[in-house]
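Note sheet for the following structure.
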Number of protein chains: 2
Amino acid sequence: MYRRFIAATCLIWAGHAGAAELSPQLQARAAELMARALQANEAYTSVESLTTEVGPRLAGSPAEARARQWAVARLAELGFSNVRVETFQVAHWRRGEEVAEIVAPFPQSLTIATLGGSLATPAEGVQAEVIAFASLAELLAAPAATVRGKIVFIDEPMTRTQDGSGYAVAGAKRWQAAYAAEQLGASAVLIRSVGTSHDRFAHTGQMGPRDQASGDGVPAAALSAPDADQLARVLGRGLPVVVKLVLRPTVEAVAESGNVIAELPGLEAVDEIVLAGAHLDSWDLGTGAVDDAAGVGIVTGAAALIAEVLSRPTRRTIRVVLFGAEETGLAGARAYAERHARELPRHVVAVESDFGAGNIWRFDTAVPEDKLEIAAAIGAVLRPLGIGPGNNSARGGPDLGFMRAAGVPVVGLKQNGWDYFDLHHTANDTLDKLVPGALDQNVAAYAAFLYLVADSEVELR
Amino acid sequence: MYRRFIAATCLIWAGHAGAAELSPQLQARAAELMARALQANEAYTSVESLTTEVGPRLAGSPAEARARQWAVARLAELGFSNVRVETFQVAHWRRGEEVAEIVAPFPQSLTIATLGGSLATPAEGVQAEVIAFASLAELLAAPAATVRGKIVFIDEPMTRTQDGSGYAVAGAKRWQAAYAAEQLGASAVLIRSVGTSHDRFAHTGQMGPRDQASGDGVPAAALSAPDADQLARVLGRGLPVVVKLVLRPTVEAVAESGNVIAELPGLEAVDEIVLAGAHLDSWDLGTGAVDDAAGVGIVTGAAALIAEVLSRPTRRTIRVVLFGAEETGLAGARAYAERHARELPRHVVAVESDFGAGNIWRFDTAVPEDKLEIAAAIGAVLRPLGIGPGNNSARGGPDLGFMRAAGVPVVGLKQNGWDYFDLHHTANDTLDKLVPGALDQNVAAYAAFLYLVADSEVELR
């Protein structure tokens, strides 16, 4: 749809854009980039290649190291300069055996995924009666005497939303339940998966950040939605329900991870950085096609298109950062912010693609009042892609948090997350789930946005 | 929708039905049963109870024995007479460890399910280069020299169809590949799952029947569709692809299974049997809600409704048979046909519900030419449920084959199978996948059909 639509409408919209910094020539060039992106770009090739030739790539693993090698080769192939790896250390948590079964009253197995960072159970497992709570808040309010020695089950569903706002609510139990349960003397934790699908996939994901007061937590796993339903039904029969849980993850305390960085150096202001990020690591269950090979494909594809059309930006440097170890606690984001601390004041803007592969529907910013006009003008250029105006409370992607705290302006090219949490952190996050047309629309938006900021004197601080 | 529709239209249709055997009173009573079924019936309660309180129930397992206990109690509760178990012996094949990984060139794990009846690999697994074929036919035509020692991968997709006709084509590789590969000297077999979903579930299912000439086959497993895609992509890179496969099933040679039988005895012709079947066993991965707790719920619910409304049929006996060990080779069907051989000439008709939980859309028969008119008259009574005329080549359900061969007339109340093979034989076959309205429509059709044949002198032989 976009392919036919764009050629006719971009120039019309371009003529309406308001702010002086965006010259008609700049807007026409952005429209050309969008049209080109919708015709052909390198994003899908990158996603296919990364997910096929590397596959799952958990932080600190040999596979993540292969992903860095892949990225270095791919970025060089796409014409980037200054391609490099900046390494840092992480703990390498590895999933092990994971088995859950209802022992009584109705023996049957349950589909689970150990939560990232969880402690292991003894080899023989933990076997205990289950006590159910409707939410993390309900667990936090429970008397320890009712919980002690039991397996805590938190059966809180997630609300499906376009903007992903259900995640913060439903995610709380994943982040905190193991620590809260430990304080109450529980033996283990099961949560309903933080996800929106009713297929029988358990959603993994990192626990924490750890509350300093509460130790290392108890062993913790997520049940698939049908299994949470099943456990709830079994509990509903009114008999004591006993579950056995075997979780055998291991941790290598010090392993290597790294960020892969590549640039299109600007001609006039090479030290002014327009940063486009995504994360290279993935969870171990799927091939991370949607989370976040898609983002890798989008930001590298957008910048590569600019390189192809313009050779290099007239003014500022476009820097692509493929972060390592995002999923297990943002170690790559922290490492980047620390290592580049002195450069951050010259980061003009940062944007990250890490919300799947759906169409972008909204342009959010986080700029001072006097920059709203230029932000709106940029947004207007993106309008023909079906992208509407958003709010001025953008938080950027997860890897931009440290930069944002250091004063780097961020924007959000918000993807439609309606289906994102059907796949998020499951074995089902595989290449076939991508819709190529949506990927193209993302590349178009990123290419136009990066170009407009890199080839102009736009200031968003 | 059906609930409002039926009351107004059944009587009109009833007035149009043709054959003399179906009196207006009989047709009015059938319409009443359908209307009642659409308002309330016991099917969903049975499906919920069986899948929750028993869960997966593989042939010969302790869980299948619990399912028989469940069925005896449930059938008595629903008002059936002569509730009994007829046991027989089966081999109890049990899934064990199952691990597949691409070792080279791109190391990563693959999602698989061991095929039912497969031999085990050695504990350390089988590791070999993969050779791919587009179909079973292509494997059968291959020179042994190209296959010897390799892992055969048959990458044949399944066509999605409403009537399930894609299954026989796509299923051939599951039934025969392990034996064909053994004859060519292969070390193991991987097939693309016999299924239509692109979710990351591997579809299990029984191998065979075994060709007497070809031994026990090689160890064999199914890949989920995304994993078959992935393996095909990796092979497409043109490098040798090495896979390691560990399959550790075990077999208990002699275990107990059984059919559960219950009746509504007829008043005038108690020895004339109208048989409604479904199967009680399921594969081990899911809770078998769709395959075939749904069928259990439908046929028991339909007969129970007749018992509730009529107390017992005026003429013939309605016999519900919940077959054991259907999935692993129809042992229950064979046992029933043998044990009841002398009764089979007095089986007026047999019908089975074993194609999921979709709406019935077609009424198929297998009757002599001179019975087509009465068959059409029965079909006309079902028409308000959205059921159209079918063909006269009905094969009945899988458990009716031996009876059909012995001359028992069968009909097919064909369910819409469009989505059935998305779930079939996967871990994702769970209660939440049922659409209660469709279950009600099935109960309505079975109740009307069983009643029309049991309360009349209709002959279909």
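Since every read-out is calculated from the coordinates, none of them should be taken as a lab result. Because the structure is predicted, anything quoted here is derived from the model rather than measured. A quick note on method: Cβ atoms are made from the backbone with ideal geometry, for glycine too, and the neighbour counts reach across all protein chains shown.
Here are a few things to note about the model shown:
- Inter-copy label distances for B:THR87: 6.5 nm (label point placed 7 Å from Cα along Cα→Cβ; shortest first).
- By the rule of a C-alpha distance below 19 Å, with chain neighbours fewer than 8 residues away ignored, the lysines paired with A:LYS244 are A:LYS150.
- Other residues lying with their Cβ under 15 Å from the Cβ of A:GLY96 contribute a combined charge of -3, Lys and Arg counting +1, Asp and Glu -1.
- Cα centroid separation, the stretch B:35-75 to the stretch B:143-165 (Å): 35
- Cα→Cβ-extended label distance, 7 Å offset, between B:ALA307 and B:ALA168, nm: 3.6
- Each residue of the stretch B:321-333 was assigned a 3J(HN,Hα) from its phi angle through the Karplus expression (A = 6.51, B = -1.76, C = 1.60, θ = phi - 60°), giving 10, 9, 6, x, 6, 5, 4, 9, x, 6, 5, x, 4 Hz with x at Gly and Pro.
- Considering only chain B, the C-beta nearest to the rotation axis that sends B to A is found at B:ASP199, 3, the distance in whole Å.
- Trypsin sites (Lys or Arg not before Pro) restricted to the stretch B:61-159 and DSSP loop, no more than 15 other C-beta within 10 Å: B:ARG148
- Summed side-chain charge close to A:GLY295 - residues other than A:GLY295 whose Cβ falls under 9 Å, Lys, Arg +1, Asp, Glu -1: -4
- Helix axis angle, B:24-39 relative to chain B longest principal axis, alpha carbon, degrees: 50
- Amide H contacts under 5 Å for A:HIS347: A:ILE273, restricted to partners 5 or more places along the chain or on a different chain, H placed in the peptide plane at 1.01 Å from N.
- nm² value of the averaged projected area, convex hull over the Cα atoms of the stretch B:96-248: 8.4
- Shielding by partners for peptide A:422-433, expressed as the average number of C-beta atoms from other protein chains within 10 Å of each residue's C-beta, is 4.
- Mean-position separation - Cα centroids, the stretch B:424-449 and the stretch A:211-283, in angstrom: 37
- Net charge of neighbours whose Cβ lies under 13 Å from the Cβ of B:HIS340, counting Lys and Arg as +1 and Asp and Glu as -1: 0
- The equivalent ellipsoid of the protein assembly as shown has semi-axes of 56, 30, 28 Å, largest first, where each one is the square root of 5 times an eigenvalue of the Cα gyration tensor.
- Three-way shape label, the stretch B:285-372, alpha-carbon gyration tensor, a/c 1.5: rounded
- Ordering B:SER193, A:SER46 by the number of other Cβ atoms within 10 Å of each residue's own Cβ, fewest first, gives A:SER46, B:SER193.
- Looking at the protein assembly as shown alone, DSSP beta bridges between its own residues are antiparallel in about 55 percent of cases.
- When only Cα pairs below 8 angstrom with a gap of at least 6 residues are kept, chain B shows a relative contact order of 24 percent.
- Nm distances between copies for B:GLY386, ranked from closest, using label points 7 Å along Cα→Cβ: 3.0
- Every Cα-Cα pair of chain B was included, and the share exceeding 39 Å stands at 25 percent.
- Calculated FRET value between B:VAL254 and B:ASN82, using beta carbons and R₀ = 25 Å, to 0.05: 0.35
- Each of B:ILE131, B:ILE387 was scored by other Cβ atoms within 10 Å of its Cβ. Arranged with the fewest first, they read B:ILE131, B:ILE387.
- Shown for A:GLU369: label points 7 Å from Cα along the beta-carbon vector, and their distances to the equivalent points in the other copies, 9.3 nm in ascending order.
- Computed over the stretch A:287-444, relative contact order equals 37 percent, with contacts defined as Cα pairs under 8 Å that lie 6+ residues apart.
- Helix A:372-382 and the longest principal axis of the Cα set of chain A meet at an angle near 90°.
- Each helix, a run of at least 4 DSSP H residues, gives -39500 (n - 2.57); summed and divided by the residues of chain A, these come to -10500 deg cm²/dmol at 222 nm.
- 0 to 90° range, to nearest 10: angle between helix B:225-236 axis and chain B longest Cα axis: 30
- Overall form of the stretch B:40-98: oblate. Here a/c, set by the Cα gyration tensor axes a ≥ b ≥ c, is 1.5 or more, and a/b is not larger than b/c.
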